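Read the structure below first, then the notes.
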Amino acid sequence: MLPVLRVSALNKAFVMHAQGDLALPVLQDVALSVAPGECLALVGPSGAGKSTLLRSLYGNYRPQSGSIQIRHRDQWVELVGAEPRVVLDVRRHTMGFVSQFLRVIPRIGAVDVVAEPMVRRGAPAEEARRRAEFLLGLLGIPARLWALPPATFSGGEQQRVNIARSLIADYPVLLLDEPTASLDTANRDGVIDLIRQRREAGTAIVGIFHDTTVRDAVATRLHNVALPGAQP
Amino acid sequence: MSAPLLSARGVTKRFGERIACRDVSFELWPGEVLGIVGESGSGKTTLLNCLAGRLTPDGGTVTYESAAAGTVDVHGLSEARRRLLARTEWGFVNQDAREGLRMGVSAGANIGERLMAIGARHYGTIRQTSCDWLARVEIDLDRLDDRPTTYSGGMRQRLQIARNLVSEPRLVFMDEPTGGLDVSVQARLLDLLRGLVDRFHLSAVLVTHDLGVARLLTHRLMVMQGGKVVEDGLTDQVLDDPQHAYTQMLVASILPV
């Protein structure tokens, strides 16, 4: 399979102006590529830059140099230095991101939080709600919670709302940052099944999975991440 | 994609010796919500007023892609044509609702007036549309004939939004729309604005000093300091990976709850 995401010579440092312009290099000459049906697991010790790499792929962090190209609307699109509207279009149609924590929106019920990405892509609101309810049910969120804003949900419930929100739109590329971090075993296994289904359906996945059970169950390949200068 | 809806090129505005906004350039595309953030006195509101044609810049140009008139130079238009544009294709939400409303006439008349300005003449239709909009901004219909002087601050702000959006503008300027409101009232207003922006595919320029409001409502941010844009980008990029010293300081100053 040809890749849908390819990264080369990627460099990212954080410059802290309040600390006398202290520069912390995190990514140096990173290269990788991912094809449909693959799940690339980023591995490395805490602080090695795994989340920084994942966030750079999503266009959330801004690398200083290098290239991140993604297959979007049948074309290669460069994300490093891209215009905001280009990144937004890629996020709306091609690339989803599951973060560790749900960013709660005041007053919006869980079902609408989950349905939103699908509505944004132009799906009818009713269809999006039905699919959102289906996913929430599949992830074990009790129906009595669906209409409530997730601000008061437990950590595990919020994380499952977050996963449902990212899976609803069938993105061809999916980025997962510790998708099972605060889940119990039963719910974790449910999420593993969903990720495997997506992968087998041809989604290209890049993820961080500290839980080795999860990693072994979903990853097809590993990619080592280390800070510049660190001993491998 | 089509063309930018609003383009600013080198917009500069002086008040006497002081430069309130300096050499600002950007393009706003259809469906985008652009936030302008920065501390008090950084030139945010001056820039907004220059963009909306309420202040004449000393340098630079602002062009707008009008549905009715094609590409127009906002500051090259006659006063009459600019006013026509402002009430047909634009909206302007003031921080102080009293400046954006007519306080001496009823809520219904505040909304109806905008409809009449774009040519509505049938009383029944105007009243029905006014009722629909009151419901949309969550104001009880039995308050339709009351004057906004009898409304709370949050209700006034929602009424001002209804008055601005009833004419289905393509571009809305907002100056601290949630400023001065209680947090619960603010959350309700934010929720309302988010829904309206999505539903009507609005483009907007929003001035706020509240980075939480910017995170919820905007796609892109420009950070202003001392009249200059020091950083811009996607909202989450600017807030999660701030590059400029001033932006890093702003983001680091957010109080966690």
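Coordinate-derived values only; no laboratory data. These numbers come from a predicted model, not from an experiment. Counting neighbours? That spans all protein chains shown, and the Cβs are built from the backbone with ideal geometry, glycine included.
General remarks:
- Near residue B:53, once Lys and Arg are set to +1 and Asp and Glu to -1 for all other residues with Cβ below 11 Å from its Cβ, the sum equals +2.
- FRET E, pair residue B:69, residue A:29, Förster distance 41 Å, beta-carbon r, rounded to 0.05: 0.20
- Tilt relative to chain B, helix B:123-136 - C-alpha long axis, 0 to 90 degrees, to 10: 50 degrees
- Along the axis of the charge dipole computed for the protein assembly as shown (Cβ charges of +1 for Lys and Arg, -1 for Asp and Glu, origin at the Cα centre), the listed residues A:210, B:193, B:134 are led at the positive end by B:134.
- Per residue, the Cα convex hull of segment B:99-168 amounts to 77 Å³.
- Remark: the protein assembly as shown carries a charge dipole of roughly 720 debye about the Cα centre, counting +1 on each Lys and Arg Cβ and -1 on each Asp and Glu Cβ.
- Counting only Cβ charges, +1 for Lys and Arg and -1 for Asp and Glu, the dipole size of segment A:167-232 around its Cα centre is about 220 debye.
- Of the Cα atoms belonging to the protein assembly as shown, the radius of gyration and Dmax stand at 24.2, 78 Å.
- Net length gained if the chain between residue B:245 and residue B:125 were fully extended (0.36 nm per residue, minus Cα distance): 37.8 nm
- Dipole of chain A, positive end: most advanced residue of A:77, A:173, A:140 [Cβ charges, Cα centre]: A:77
- Net +/- balance of residues flanking residue A:88 in space, Cβ distance below 11 Å, scoring K and R +1, D and E -1: +1
- Highest-first arrangement of A:83-90, B:152-159, where packing means the average Cβ count within 10 Å: B:152-159, A:83-90
- Relative contact order, whole percent, for segment B:99-168 stands at 48, derived from Cα pairs under 8 Å and 6 or more residues apart.
- Net charge contributed by nearby residues that have their C-beta within less than 11 Å of residue A:49 (K/R +1, D/E -1): +3
- Likely footprinting exposure, B:174, A:118, fewest C-beta neighbours within 10 Å first: A:118, B:174
- Euclidean distance between Cα centres, segment B:214-232 to segment A:1-51, Å: 26 Å
- Angle between chain B longest axis and helix B:107-117 axis [Cα atoms, degrees, rounded to 10]: 80 degrees
- Simple Cβ-charge dipole of segment B:99-168, Lys/Arg +1 and Asp/Glu -1, about Cα centre, in debye nearest 20: 160 debye
- In this structure the amide hydrogen of residue B:231, modeled in the peptide plane, comes within under 5 Å of the amide hydrogens of B:223, none closer than 5 places in sequence on its chain.
- When only alpha carbons of chain A are considered, Rg and Dmax amount to 17.8, 53 Å.
- Remark: mean inter-chain Cβ contacts per residue of A:101-108 equal 4, using a 10 Å Cβ-Cβ cutoff to other protein chain atoms.
- Positive-end residue, the protein assembly as shown charge dipole about Cα centroid, Cβ charges, pick of B:213, B:85, B:253: B:85
- Close lysine pairs were tallied over the protein assembly as shown: pairs 8 or more places apart or on different chains with Cα atoms under 23 Å apart number 4.
- The mean number of Cβ atoms from other chains found within 10 Å of a Cβ in peptide B:236-249 is 4, as a whole number.
- Percent of beta bridges antiparallel (DSSP, the protein assembly as shown, rounded to nearest 5): 55 percent
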